[in-house]
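Novice: Structure in structure tokens, see below.
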Amino acid sequence: MNIEEKCINTIRTLSIDQVQKANSGHPGLPLGAAPMAYVIWKNMSHNPKDPKWINRDRFVLSAGHGSSMLYSLLHLFGYGLTIEDLKEFRQINSLTPGHPEYGHTVGVEATTGPLGQGISAAVGMAMAERHLAAIYNREEKIIDHYTYVLCGDGDLMEGVSNEASSLAGTLQLDKLIVFYDSNNITIEGSTDLSFKENVLMRYRALGWQTLEVKDGNDISEIERALEEAKANKEQPTIIEVNTEIGYGSPREGLAKAHGEPLGTEGVAETKEFLGCESREFCVSDEVKIHMEELNKKLLVKYEEYKEVEKAYSENHPEDYKKLVDSFNGKFDLGFLNDEEFYKFDKDMATRASSGEALNRIAEKFDLLFGGSADLGPSNKSTMNNSENFSLKNPVGKNINFGVREHAMTAIVNGILLHGGLRSYGATFLVFADYMKPAIRLSAIQHIPSIFILTHDSIGVGEDGPTHQPIEQLAMLRSIPNNIVFRPADATEAAVGWSVAMRSDSTPVCLILSRQTLKNLEHSSIEAQKGAYIVKREEGELEKLIIATGSEVSLAVEAAKDEKGVRVVSMPSRELFEAQCIEYKEEIIPSKCKRRIVVEAASSFGWYKYAGDEGRIISIDEFGASGPGNEVFEYYGITVDTIKNILNEI
Ligand SMILES: Cc1ncc(C[n+]2csc(CCOP(=O)(O)OP(=O)(O)O)c2C)c(N)n1
Ligand SMILES: [Mg+2]
């Protein structure tokens, strides 16, 4: 056994030891995929001592269930994970949780586990790399790196990976290199049960270079494929590496190797087969020395880059500062303090005022990189001062995601995970359901993705129930660490954008109308507190109306001659909940029980604000096709309904 094989076997044994100690986890992938992981980590540009190095190659373990292997690599390469940490695998508050968690364990580039998400986010990383290179590179290539993915059968079965891969092929993301751990096994058994397509033929059709390594233990073949992948300057590459799940264990080649500990005997037999010491969590001195040598070689590349960086910082100090600041999440957003940003002189649909606000931002801020899932003209999500992003025009800021909401969302996440940019995706609110798994990942990773979700209610009109969102707001509001912002007019829409741009660890969903909304007399930047008074009572407060978005102007109209009635605009429940108790009490006094909540969507979740004695004007069924204003009448979301209920309570 040569030293490289010894290192690979150490990755294997450390991984199965973690799973065995935790009595939980997935030994199959590490045993099969350790050689390709070793080859990637040996060859990629990274520096464990500077894990946030801007120009490092990114590595995404899309098959997140192989987390123990990632932790073994992080340990062996010296990222600070100790053997003690490995012993704490899958325990509460350990640095080695069940699936890799971004922001929690140093060296983890993306939270993965929901299959298909990692590879899709990696497409976003490769797009970010290309775009940033186009913005910053001069003679010195300050941004110039690869994005590597290790994925399994499951990742490639998931539709989102195909969506993202199709875009990657179209954009010719040549610096994206995917290693496919092809073991023909998933949980239920052979992939023949449900996945008989020729994956490489499919990827060829998507415009990728496809390579195959027949024997996943042949590291020179893997290395050769890696070089070939890098040499292709026109296409992303997928390398199918044929492996045996659970290699070397008594369960080799079986689905049973996927996700159960091998048992002490199984572990012992595996180590014997591999020719390794039986001791738990054993790393031989020889392996340690070899890893140090590898790290020294990695350092050479790093130091070469540091020279480039030094020259760049001297020759282009302003750009350099901007680059470094942006990677630290520091963006120059001073223009959001300008009152003019929140002023609009005519009534507009909030999708239109959002589009205006976006363009006001784009005039001052050139690190915004985003687009729509083929609805740019409807979502008003195009930055008019820039062009489309493409191979030929990598400096273009508008991304054409195609009709791929799920991949769009995962890609936006990937762009943010890469760093150096802000990003957004846009579609109709009703299709937020197609985005949900990736929005959840934005929230879980604490990254400030922005989602422009227009056509926000039955106001959509003629397109009918399939296009009229009802329960989507409730779904979005149910996601922890997600801000949902439904502005009532143009000023509030601009406030929504300022909240989104200033957010540093929370995604923001902007919920926007198709139809024109009147500018409220008293809308203001107070909207950033989530709720505020837009029509104040005269004298004693008797009744309270809480409304959001398009329904606020109905509420104001219904209450205009009612002295004791207050109207609260509540664009964001999450932002309101984050206010101090005094403010909340001031806006919605607990003693005022006569309340009405108005929102042209599901009532789900509104009783908290309506209270036991309150009433909710909402829609708890799918909408109907017809002119938008008539559909509002049809469902009784009208000034008259509000007035009638005001009289009843
Ligand atoms: C979206 C999603 N669906 C289901 C699962 C549960 N799951 C985890 S691993 C797995 C099978 C994965 O098979 P493969 O990628 O081939 O991994 P291998 O068994 O070869 O390690 C499934 C269904 C998941 N993690 N994510
Ligand atoms: Mg598999």
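The values are calculated or read from the model by the stated rules, or taken from the named source; none is laboratory data. Owing to the predicted nature of the structure, the values given are computational and were not obtained by experimental measurement. All Cβ positions, glycine included, derive from the backbone under ideal geometry; neighbour counts span all protein chains shown. Each accessible area value is taken on the protein alone, full model and side chains, heavy atoms only, with ligands, DNA and RNA left out. Shrake-Rupley method; radii C 1.70, N 1.55, O 1.52, S 1.80 Å.
Novice: Report, ordered by chain and residue number, the aspartates and glutamates lying within cross-link reach of K233, taken as a straight Cα distance under 14 Å and ignoring same-chain residues fewer than 8 apart.
Specialist: K233 reaches D144, D174.
Novice: Here is a follow-up. Could you list which residues have their amide H under 5 Å from that of R486, counting only those 5 or more apart in sequence or on another chain, with H placed in the peptide plane?
Specialist: Long-range HN contacts for R486: I511, S572.
Novice: Would you mind listing how long region 486-553 runs along its three principal axes, going by Cα atoms, in whole Å with the largest first?
Specialist: 41, 27, 16
Novice: For a quick check: with amide H placed at 1.01 Å from N, whose amide H comes under 5 Å from D374's, ignoring anything fewer than 5 positions away on the same chain?
Specialist: Residues meeting the amide H criterion: F401, G402.
Novice: For K256, go through the lysines and keep the ones whose alpha-carbon is under 24 Å away, minus same-chain ones fewer than eight residues off.
Specialist: Within the straight-line cut-off, K256 pairs with K21, K87, K196, K214, K271.
Novice: Shifting gears a bit: For a protection proxy built on the mean count of beta-carbon atoms within 10 angstrom, sort 251-257, 367-373 highest first, please.
Specialist: Taking the mean over residues of other Cβ atoms within 10 Å, the ranking is 367-373, 251-257.
Novice: For a quick protection proxy, order the peptides 588-598, 520-530, 423-433 by their average other-Cβ count within 10 Å, most packed first.
Specialist: Ranking the peptides 588-598, 520-530, 423-433 by packing returns 423-433, 520-530, 588-598.
Novice: Percent relative contact order of the chain, based on C-alpha pairs within less than 8 angstrom and at least six residues apart?
Specialist: Here the relative contact order equals 12 percent.
Novice: May I ask you to order 392-401, 86-95, 285-294, 30-39 by the average number of other C-beta atoms within 10 Å around their residues, highest value first?
Specialist: On the way: 392-401: 18.6, 86-95: 17.0, 285-294: 14.0, 30-39: 27.8.
Going by the mean number of other Cβ atoms within 10 Å, highest first, we get 30-39, 392-401, 86-95, 285-294.
Novice: So, for region 334-517, what is the accessible surface per residue at a probe of 1.4 Å, expressed in square angstrom?
Specialist: 31 Å²
Novice: Next up: Using each residue's phi in region 488-504, evaluate 6.51 cos²θ - 1.76 cosθ + 1.60 at θ = phi - 60° and report the 3J(HN,Hα) Karplus result to the nearest Hz, with x for Gly and Pro.
Specialist: 8, 7, 5, 4, 5, 4, 5, 4, x, 5, 5, 4, 5, 5, 7, 5, 10
Novice: Still on this structure: Of all trypsin sites (Lys or Arg not before Pro) in region 19-80, which ones are in loop regions per DSSP and have a Cβ with at most 16 other Cβ atoms within 10 Å?
Specialist: Values: sites: K21, K42, K49, K52, R56, R58; in loops: K49, K52, R56.
Loop-located and lightly packed - K49, K52.
Novice: Please report, as a whole percent, how much of the solvent-accessible surface of the chain comes from carbon and sulfur atoms (probe radius 1.4 Å).
Specialist: Ligands and nucleic acids excluded, carbon and sulfur give 48 percent.
Novice: Return the FRET efficiency for the residue pair E84, K196: r is the Cβ-Cβ distance, R0 is 30 Å, and the value is rounded to the nearest 0.05. Show your work: numbers first, answer last.
Specialist: Working: r = 45 Å, r/R0 = 1.49.
The pair E84/K196 has a calculated efficiency of 0.10.
Novice: Ok, one more. Can you give the angle from 0 to 90° between the axis of helix 67-76 and the longest principal axis of the chain, with both taken from C-alpha atoms, to the nearest 10?
Specialist: 60 degrees
Novice: Let me ask something additional. What number of lysine-lysine pairs in region 334-517 show an alpha-carbon separation below 29 angstrom, given a sequence spacing of 8 or more or placement on distinct chains?
Specialist: 13
Novice: Heavy-atom accessible area of S249 with all protein chains present, probe 1.4 Å, nearest 10 Å²?
Specialist: 10 Å²
Novice: Follow-up question, since we're still on this one. Under the rule of at least 5 residues apart or a separate chain, name every residue whose amide H is placed under 5 Å from the amide H of I185.
Specialist: Here T191 satisfy the definition.
Novice: Using a cut-off of 19 Å between alpha-carbon atoms, which lysines can reach K608, once sequence neighbours fewer than 8 places away in the same chain are excluded?
Specialist: K529, K543, K584, K591, K593
Novice: May I ask you to derive the FRET efficiency for N359 and L541 from their Cβ-Cβ distance with R0 = 45 Å, giving the value to the nearest 0.05?
Specialist: That gives a FRET efficiency of 0.65.
Novice: Let me ask you something else. So how tilted is helix 639-648 from the main axis of the chain? Cα-based, degrees 0 to 90, rounded to 10.
Specialist: Value to nearest ten degrees: 80.
Novice: With a Förster radius of 41 Å, plug the Cβ-Cβ distance of H104 and D345 into 1/(1 + (r/R0)^6) and report the FRET value to the nearest 0.05.
Specialist: Calculated transfer efficiency: 0.30.
Novice: Ignoring everything except DSSP H segments at least 4 long, calculate the 222 nm mean residue ellipticity for the chain; use -39,500 (n - 2.57) per segment, divide by total residues, nearest 500.
Specialist: Helix-only estimate at 222 nm: -12500 deg cm²/dmol.
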